[in-house]
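Structure, as structure tokens:
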Amino acid sequence: MPGQIPLIGEKFPEITVHTTHGTIKLPDDYSGKWFVLFSHPADFTPVCTTEFVAFAKRYEDFKKLNTELIGLSVDNTYSHIKWVEWIKEKLGVEIPFPIIADPQGNVAKKLGMIHAESSVVTVRAVFVVDDKGIIRTILYYPLNLGRLVDEILRIVKGLQITDEYGRALPANWPNNEIIGDAVIVPPASTVKEAEERLKTYECLDWWLCYEKGKVPKEIIEMVRGFLKRAAGLSQ
């Protein structure tokens with residue numbers, strides 16, 4: 001609905017945007033792919049620069065998950081292009097993904113990226129959109145806190161796992177304190193199913209059952225690799 005912030009489970013609103021890679025129609029131009037659209041307050045700012053380098057260094061990881069990246073701020077295309085040039089020249093990092101120019105703030109307002117913290121720049125919003133154009137995750141960070149990009153990778157892969165296996169993932173997966181890298185079986189919907197569940201799965205009770213070995217080890221290790229990198233244990 002016009003004027004409403006889009007919600008998880010809704011179709012991403014149809015928007016034509018102008019970017020450093022040309023005009024893009026969202027979500028149609030990414031049909032069959034996932035995408036992460038993330039806003040930043042402004043070009044040529046310290047925290048945003050560190051975030052763009054972090055996203056760029058993980059771009060191939062996102063690509064392996066069939067996921068594209070799209071940046072956005074209320075700066076114009078000329079500013080974006082110059083900032084991207086500066087990052088490449090000074091830091092040796094090429095920004096491979098498009099950045100939306102939104103100088104009027106129309107896209108930012110439609111997506112709920114302008115908050116009380118500032119009326120003139122976008123907060124650090126993140127929209128994870130699946131290959132059918134459905135919004136699956138929304139994150140908001142304040143202006144003065146940079147995002148943990150490896151967690152966004154974990155989110156994308158975690159959502160893909162829940163889609164593929166029809167299971168839920170516990171806190172800190174795949175390093176959960178209770179069930180480790182196991183996945184959670186959806187709750188029973190009948191008394192009989194609740195009774196059978198205790199015979200079929202490992203359970204703490206009929207409403208908390210889980211499966212070990214459901215997700216292939218190589219996928220688990222991939223996600224653990226994201227978490228290790230976030231903790232500074234790997235590059």
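Extension gain, L233 to K212: 0.36 nm times the residue separation minus the Cα-Cα distance gives 5.0 nm. Counting only alpha carbon atoms, the long axis of helix 217-230 and the longest principal axis of the chain meet at about 50°.
Calculated from the structure at hand, Rg and Dmax of the Cα atoms in Å is found among [x] 20.6, 60; [y] 19.4, 60; [z] 19.8, 65 as [z]. Bridgeable aspartates and glutamates around K132 (alpha carbons under 15 Å apart, same-chain partners fewer than 8 residues away excluded): E10, E14, D28, D29, E68, D163, E164.
Residues of the range 47-88 falling in the label zone of T23, defined by backbone nitrogen less than 18 Å from a point 7 Å along Cα to beta-carbon, are 77-78.
Given the DSSP H assignment, sum -39500 (n - 2.57) over each helix run of at least 4 residues in the chain and divide by its residue total; what's the result at 222 nm in deg cm²/dmol, nearest 500?
That comes out to -10500 deg cm²/dmol.
The charge dipole of the chain, taken about the Cα centre with unit charges on the Cβ atoms of Lys, Arg (+1) and Asp, Glu (-1), comes to about 200 debye, rounded to the nearest 20. A simple count of charges around T190, restricted to other residues whose Cβ falls under 15 Å of its Cβ and scoring Lys, Arg +1 and Asp, Glu -1, yields 0. Taking other residues whose beta carbon is less than 15 angstrom from the beta carbon of V17, and scoring Lys, Arg as +1 and Asp, Glu as -1, yields -3. Pairs of alpha-carbon atoms within less than 8 angstrom and 6+ residues apart define the contacts here; what relative contact order does the chain have, in percent? Relative contact order here is 19 percent.
Angle of helix 77-91 to the longest C-alpha principal axis of the chain, folded into 0 to 90 degrees and rounded to 10: 70°.
Within the straight-line cut-off of under 21 Å between alpha carbons, the lysines reachable from K228 are K57, K63, K64, K157, K217, sequence neighbours fewer than 8 places apart in one chain being disregarded.
First select every other residue whose beta carbon is under 13 angstrom from the beta carbon of W206; then total the charges, Lys and Arg +1, Asp and Glu -1. Summing Lys and Arg as +1 and Asp and Glu as -1 gives -2.
Once both labels are positioned 7 Å from their Cα atoms along Cα-to-Cβ, the gap between D205 and I138 label points is 3.2 nm.
Applying a 4.7 Å Cβ-Cβ cutoff to the chain, the cysteines left without a disulfide-compatible partner are C48.
Just so you know, all these numbers are worked out from the coordinates, no wet-lab data involved. Note that the structure is a prediction, hence the values are computed from the model and not measured. With ideal geometry, Cβ positions are generated from the backbone for all residues, glycine too; neighbour counts draw on all protein chains shown.
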